[in-house]
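For reference, the structure discussed in these notes is given below.
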Number of protein chains: 2
Amino acid sequence: MSEKITLAQGSGGVETKRLIESIFAKHFYNGKTQNMPDAAIVQGGNKLAFTTDSFVVEPLFFNGGDIGRLAVCGTINDLLTTGATPIALSCGFIIQAGFDVAKLEVIADSMAQTAKEASVQIVTGDTKVIEPPQNGSSTAANSAQNPQSNIFINTSGIGRFDFEPLQLENITLGDAIIVTGCLGTHHATIQSARMGFSNNIASDAAPLCEIVQSLQCSGVHLHAMRDITRGGLATVLCEIFENTPYAAEIEEAKLPVLPQVASFAQILGLDILHMGNEGNMLVFVPQSSAEAALKIIKACKYGQNAAIIGQVGNVKKPVLKTRIGGTRILRPLMGEGLPRIC
Amino acid sequence: MSEKITLAQGSGGVETKRLIESIFAKHFYNGKTQNMPDAAIVQGGNKLAFTTDSFVVEPLFFNGGDIGRLAVCGTINDLLTTGATPIALSCGFIIQAGFDVAKLEVIADSMAQTAKEASVQIVTGDTKVIEPPQNGSSTAANSAQNPQSNIFINTSGIGRFDFEPLQLENITLGDAIIVTGCLGTHHATIQSARMGFSNNIASDAAPLCEIVQSLQCSGVHLHAMRDITRGGLATVLCEIFENTPYAAEIEEAKLPVLPQVASFAQILGLDILHMGNEGNMLVFVPQSSAEAALKIIKACKYGQNAAIIGQVGNVKKPVLKTRIGGTRILRPLMGEGLPRIC
């Protein structure tokens with residue numbers, strides 16, 4: 001096989017087949033005779049969760065992950081928020097001609113490893129090849145004279161309901177609000193990479209199956225979950241409490257933030273509350289279950305920094321109680337934020 | 001809303017929400033209170049078909065369809081080939097900043113209309129915005145001084161098995177091979193558009209639910225189905241009969257081809273057998289059911305040009321019996337074919 005992706009590899013003919021066999025089918029092998037068919041048959045359930053996400057992150061490789069890990073985590077976490085157990089993923093690749101096959105191999109391997117970590121199978125896929133980028137492309141990594149070919153990945157996923165579906169409508173006045181990890185970590189990682197900063201901030205991209213499934217199996221009463229991605233905690237809270245008579249009251253002093261991310265945000269004047277994660281979940285539970293839930297989450301690999309950050313209170317809009325005793329109404333992200341964070 | 005897509009509309013914040021509400025949620029409304037959630041809950045079945053396809057067609061609008069119709073048809077037809085009834089689609093948009101919102105609206109409407117025609121709901125989606133194209137982009141529509149912003153669409157789909165799953169392994173020596181429509185029509189449409197030809201060739205992009213469901217409900221014995229897309233009939237047949245002791249014997253004289261497509265192919269020296277469709281299915285049935293199946297297909301809206309084109313015979317590789325009595329071994333497409341046909 002050539003070392004650069006070619007338009008012929010998107011033709012649907014011999015070269016496409018070879019690409020699928022030599023990279024995707026190899027990494028995503030699931031023991032079936034027909035590996036990665038156009039449409040896969042999977043074991044379902046009467047009720048299913050179904051989600052999709054496209055990934056256009058720039059750069060493709062960053063501290064703590066790459067576009068492949070991100071693509072698998074994002075879709076798995078979306079399924080988990082509904083209370084479903086992820087069972088199968090699809091992957092659709094759009095690749096610019098000229099893309100390094102070696103990089104594609106690393107990305108496919110990363111997807112396979114992440115899916116394995118989450119006990120989910122990648123069962124079907126699709127590959128399209130488009131023309132290479134032209135000179136003068138505007139993104140950071142592409143600003144050189146010789147622009148880099150890029151890749152976009154869509155992952156869609158199906159989940160089965162082994163437990164009751166979780167819905168944001170279940171959230172009740174008085175619920176405790178738990179966050180499973182430190183805020184803004186993925187955002188700070190991507191922004192650092194774009195700015196060429198070398199630091200010790202690494203993306204939190206992670207599949208949160210262990211956290212969610214431990215909570216479900218424990219019998220702790222769960223009301224709802226929502227992952228914190230683009231737009232950050234403030235945007236997510238504003239969406240959740242858009243049409244409710246009550247809203248979140250969170251406390252600045254309780255928000256978990258890595259010190260290096262806090263410094264990074266301070267230097268650049270970024271608001272941690274608008275910075276996204278890729279492995280961080282908001283969990284809403286009755287107050288009576290809050291401590292038990294927190295203990296379970298903190299015992300999980302990706303939940304060690306979990307914290308109870310506030311509760312659902314008698315306020316009309318989500319508010320932040322600041323360290324100095326003030327109250328700030330939270331607003332959703334306006335404007336670009338950080339394009340191509342995921 | 002601005003008339004051009006902006007990077008802010010991919011931020012995950014306020015502008016993303018407005019875009020989703022003003023275009024996607026409106027066109028894909030399915031009666032649920034939470035329209036187009038990150039993950040949708042759908043009614044499933046114990047066994048499911050699951051598929052994904054990304055669409056990068058160039059140009060976006062062409063005789064007989066557009067990227068939206070194509071995206072819905074492609075995924076629905078992939079589900080149908082497994083014998084499943086399509087129940088839900090997801091859509092993931094990757095849009096270059098600067099893309100006309102009016103065009104996006106037309107595309108979303110086309111997706112909604114096509115999904116409605118096929119009685120399938122679009123239940124979940126995702127939107128990403130990337131940088132605009134730079135000068136000097138190499139595709140036909142982008143060759144002007146001011147390159148056009150583009151859009152890529154992924155559709156994934158779930159199907160439920162109301163009937164027995166169909167598998168290519170069910171194909172048996174002696175089976176009749178039916179094609180549901182004229183060969184090469186979509187390919188000729190796209191190539192005409194790229195070359196600036198004004199002719200009466202229109203894409204066959206269509207959801208084939210009526211054909212497949214009529215066959216299933218009739219009780220006709222079905223062995224397998226496969227849609228003919230990138231790579232054309234020859235490539236599809238080579239893939240199906242790659243590891244079998246028998247293969248397809250098809251007859252040139254029986255292949256349905258529109259006269260204008262035949263002329264177009266002849267002028268350009270294209271091989272109809274390597275030209276793709278977007279609404280054309282190969283159907284394998286026992287000889288005893290062939291005429292009954294053909295009659296049912298021909299009674300359907302998109303099956304009027306259906307024909308029995310050959311059978312599964314005692315040959316090692318798929319072969320074409322030519323009009324002049326010769327035999328030609330079919331080869332899969334090698335090389336680029338027509339990039340971005342779908």
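In the same structural domain as B:M275 (by TED's automatic domain parsing), assigned to a loop (DSSP other than H, G, I, E, B), among the hydroxyl-bearing types (S, T, Y) and under 15 Å from the mean Cα position of the chain (by Cα): does that describe B:T189?
Taking the combined requirement at face value, the residue does not satisfy it.
Report, by residue number, each residue of segment B:172-189 that is β-branched (V, I, T), farther than 12 Å from B:G64 by Cα and buried (at least 24 other Cβ atoms within 10 Å of the Cβ). B:I177, B:I178, B:V179, B:T180, listed by residue number. If the condition is being farther than 20 Å from A:G157 by Cβ and modelled with pLDDT under 80, then segment A:23-41 contributes A:K26, A:T33, A:Q34.
Just to verify a result, which residue in segment A:81-115, among those that are outside any strand (DSSP E or B) and within 9 Å of another protein chain (Cβ to nearest Cβ), is farthest from A:H223 (Cα to Cα)?
Of the residues in segment A:81-115, the ones outside any strand (DSSP E or B) are A:81-84, A:97-99, A:101-115.
Narrowing further to those that are within 9 Å of another protein chain (Cβ to nearest Cβ): A:81-82, A:84, A:97.
Working: A:T81: 11, A:T82: 10, A:A84: 14, A:A97: 46 Å.
The selected residue is A:A97.
Which ones in segment A:66-92 are closer than 14 Å to A:A108 by Cα, touching a Ser or Thr at 6+ places or on another chain (Cβ under 7 Å) and surrounded by 24 or more Cβ atoms within 10 Å (Cβ to Cβ)?
A:G68, A:R69, A:A71, A:V72, A:C73, A:L89, A:S90, A:C91, A:G92
Of all residues in segment A:332-342, those satisfying the criterion of being crowded, with 17+ Cβ neighbours inside 10 Å and either within 24 Å of A:N243 (Cβ to Cβ) or away from chain B (no Cβ under 14 Å) (or both) are A:P332, A:L333, A:G337.
What residue, of B:R18, B:R69, is within 11 Å of chain A (Cβ to nearest Cβ) and in a helix (DSSP H, G or I)? Break it down stepwise before answering.
Values: B:R69 fails: within 11 Å of chain A (Cβ to nearest Cβ).
From the options B:R18, B:R69, the qualifying one is B:R18.
Looking at segment A:116-128 only, could you name the residues that are more than 7 Å from every other protein chain (Cβ to nearest Cβ) and buried (at least 20 other Cβ atoms within 10 Å of the Cβ)? It would help to see each step written out before you state the result.
Of all residues in segment A:116-128, those more than 7 Å from every other protein chain (Cβ to nearest Cβ) come to A:116-122, A:127.
Of everything in segment A:116-128, those that are more than 7 Å from every other protein chain (Cβ to nearest Cβ) and buried (at least 20 other Cβ atoms within 10 Å of the Cβ) turn out to be A:A118, A:V120, A:Q121, A:I122, A:T127.
Evaluate the following for B:A144: is it more than 23 Å from A:A40 (Cα to Cα) and at pLDDT below 95? Considered against the rule, which asks whether it is more than 23 Å from A:A40 (Cα to Cα) and at pLDDT below 95, B:A144 comes out as yes. Looking across segment B:156-177, just one residue is more than 18 Å from B:G219 (Cα to Cα) and in contact with a His (Cβ under 7 Å, 6 or more places away or on another chain), and that is B:T172.
Among residues of segment B:61-76 that are under 10 Å from B:G279 (Cβ atoms) and of a type in the set (K, R), those with a beta-carbon under 7 Å from a residue that is at pLDDT 95 or above and crowded, with 24+ Cβ neighbours inside 10 Å at least six positions away or on a different chain give the pairs B:R69/B:T114; B:R69/B:A205.
Residues are listed down the side, and each one gets a yes or a no for (1) touching a residue at least 12 places away in the same chain (Cβ under 8 Å); (2) part of a loop (DSSP other than H, G, I, E, B); (3) of a type outside the set (D, E):
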residue	(1), (2), (3)
A:G174	yes, yes, yes
A:N199	yes, yes, yes
A:D204	yes, yes, no
A:Q213	yes, no, yes
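Here segment B:260-305 is the region considered, the condition is being farther than 17 Å from B:G184 by Cβ and among the hydroxyl-bearing types (S, T, Y), and the residue that is nearest to the other protein chains (Cβ to nearest Cβ) is B:S289.
Among the residues of segment B:291-303, not a single one is surrounded by 16 or more Cβ atoms within 10 Å (Cβ to Cβ), more than 30 Å from B:T75 (Cβ to Cβ) and not hydrophobic (A, V, I, L, M, F, W, C).
The values are calculated or read from the model by the stated rules, or taken from the named source; none is laboratory data. These numbers were taken from a predicted model, which means no experiment stands behind them. Every residue, glycine among them, receives a Cβ derived from its backbone with ideal geometry; neighbour counts consider all protein chains shown.
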